[in-house]
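The values are calculated or read from the model by the stated rules, or taken from the named source; none is laboratory data. Worth saying up front: this structure is predicted, and the values here are computed from it rather than measured. Positions of Cβ are backbone-derived with ideal geometry, glycine not excepted, and every protein chain shown enters the neighbour counts. Just the protein is used for accessible areas: all its heavy atoms, side chains included, with ligands, DNA and RNA removed. Shrake-Rupley method; radii C 1.70, N 1.55, O 1.52, S 1.80 Å.
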Amino acid sequence: MALKTDIAKVIAWEEGTARPTFRQAERIAAFFHIPFGYLFLPEPPQEQLPIPDLRRQDGAPRDGFSPDVMDLLRDVMFQHDWYRDFLRDHGAEPRSFVGRFDMRTPVEAVAADIRAVVGLAADQPVNGGWEQHLTSLFERCEEAGIWVMRSGYVGSNTHRTLSVSEFRGFAIADRIAPLIFINGRDAKAAQFFTLAHELAHLWLGASGVSDPFSIRDGEGRDDQESVDVERRCNAIAAEVLVPRAQFLAAWTDRLGLERNAELLAYRFKVSRVVIARRALDFGKIGRDEYGAFFDRERQAWQIEARSERESGGGDFYRVSRVRNGKRFTRAVVNSAMSGNLLFSDAGALLHMKPTVVRKMYERLQPEP
């Protein structure tokens, strides 16, 4: 919705010489995505984040979130509260892997446990395309009791997109309903690492909003604890996706970084940056070479992500299951069909019209 008004009126409102009408105030609140009551406060309130903000920018914590991300966090917390109650009412047991390890646990031990719980063998061959592999990982996580959501916008509003420059994912380390959210606006190759990074957050019992690629070596004089958590999650994620032994066996020194990155990224189904990072970790390349390679790859991700977005949205029902999580979607739809949840409430939880909830139920039924 465009907010059209005379600039002189806006200046008068700011100076206090005039006031907007009630209708104009409603439109202003809607346009800026803020609660209507905020307009009557002497100064904007300091909102408490539902989970820690672990992102960095130029070595320091970032300054808050946009209204889009704040609304996303509120919405996901609303969904999480409902699903947690649903699981408890149906006798769900706490997931023992949440918070199983701490920062003193060796990276290899945490990564091995993640692979065991999610069902990823260290030498397991990877077939299919990027999206197919990512979908397979989502399904494995859901089977292990990890709720995975992926979306590139707030709710069902495709005009309120989520910027990758603001965040790539977040985790809620709840033992009843552990949740991972992946920013669907990101390139597929980057989403793999973000998923593994957020899995590490669950295993360490550390909730938070992340941008795994914003953590650089040498940073962290301020808020050292948050930086240490992010670095450890990055190290665990790299070991989950590209185990040390398999990497060293596959790397060929004479081929150099570019060729090794190309071959091993395809083999392990990870981004070329992950391969480069492993090469840095094990002394195959220097820090300057890694930094230059990372900057080039980040530019390529932006092009790739834009191309994927322009290719179309796909089937609504499939996209909705990915956006909300398959098991959560099924829980909401079945509750509505059984009469335990109003269709209007089910629609609000799934960001769809109440009349579509029944169609979603039909789509979720196995074919005869």
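Using a probe of 1.4 angstrom and keeping all protein chains present, the accessible surface of the chain works out to 52 square angstrom per residue. About its Cα centre, the dipole of the chain is roughly 940 debye, where the only charges are +1 on Lys and Arg Cβ and -1 on Asp and Glu Cβ.
Relative to the longest principal axis of the Cα atoms of the chain, the long axis of helix 107-118 makes an angle of roughly 70 degrees.
In terms of accessible area, using a 1.4 Å probe and ignoring ligands and nucleic acids, 146, 11 rank largest first as 11, 146. Both radii are taken from the alpha-carbon atoms of the stretch 71-211; with Rh as the Kirkwood radius, Rg/Rh is 0.96.
Average 1/r across all pairs of distinct alpha carbons in the chain, invert it, and you get the Kirkwood radius: 22.4 Å.
Carbon-plus-sulfur fraction of the accessible area of the chain, 1.4 Å probe, in percent? Result for the chain: 50 percent of the exposed heavy-atom area is carbon or sulfur.
The modelled label-to-label distance for the pair residue 132/residue 81, using points 7 Å beyond Cα in the direction of Cβ, is 4.2 nm. The label-point distance for residue 14 and residue 225, in a model that sets each label 7 Å from Cα toward Cβ, rounds to 4.0 nm.
Ranking 166, 289 from most to least accessible surface, computed with a 1.4 Å probe over the protein chains only, gives 289, 166.
Given the DSSP H assignment, sum -39500 (n - 2.57) over each helix run of at least 4 residues in the chain and divide by its residue total; what's the result at 222 nm in deg cm²/dmol, nearest 500? Taking each H run of at least 4 residues, the total per residue is -17000 deg cm²/dmol. Please determine, in degrees from 0 to 90 and to the nearest 10, the orientation of helix 224-241 with respect to the longest principal axis defined by the Cα atoms of the chain, where the helix direction is its Cα long axis. Rounded to the nearest ten degrees, it is 60. Of the whole protein surface, residue 315 contributes about 70 Å² of accessible area at a 1.4 Å probe radius. Overall, the anisotropy analysis places the stretch 129-227 in the oblate class: the square-rooted eigenvalues a ≥ b ≥ c of its C-alpha gyration tensor yield a/c not less than 1.5, with a/b not exceeding b/c.
Taking 0.36 nm per residue of separation and subtracting the Cα-Cα distance, full extension of the segment from residue 156 to residue 300 would add 49.1 nm. Exposure check, 1.4 Å probe, all protein chains in place: residue 96 carries approximately 70 Å² of accessible surface.
The order of 236, 7 by accessible area, most exposed first and with a 1.4 Å probe, is 7, 236.
Using a simple spin-label model with pseudo-atoms 7 Å out from Cα toward Cβ, residue 165 and residue 262 lie 3.1 nm apart. Within the chain, antiparallel bridges make up roughly 65 percent of the DSSP beta bridges whose residues both belong there.
Rolling a 1.4 Å probe across all protein chains gives residue 287 an accessible area of roughly 140 Å². Of the residues 39, 270, 164, the one whose Cα sits farthest toward the positive end of the charge dipole of the chain, with +1 on the Cβ of Lys and Arg and -1 on the Cβ of Asp and Glu, is 270.
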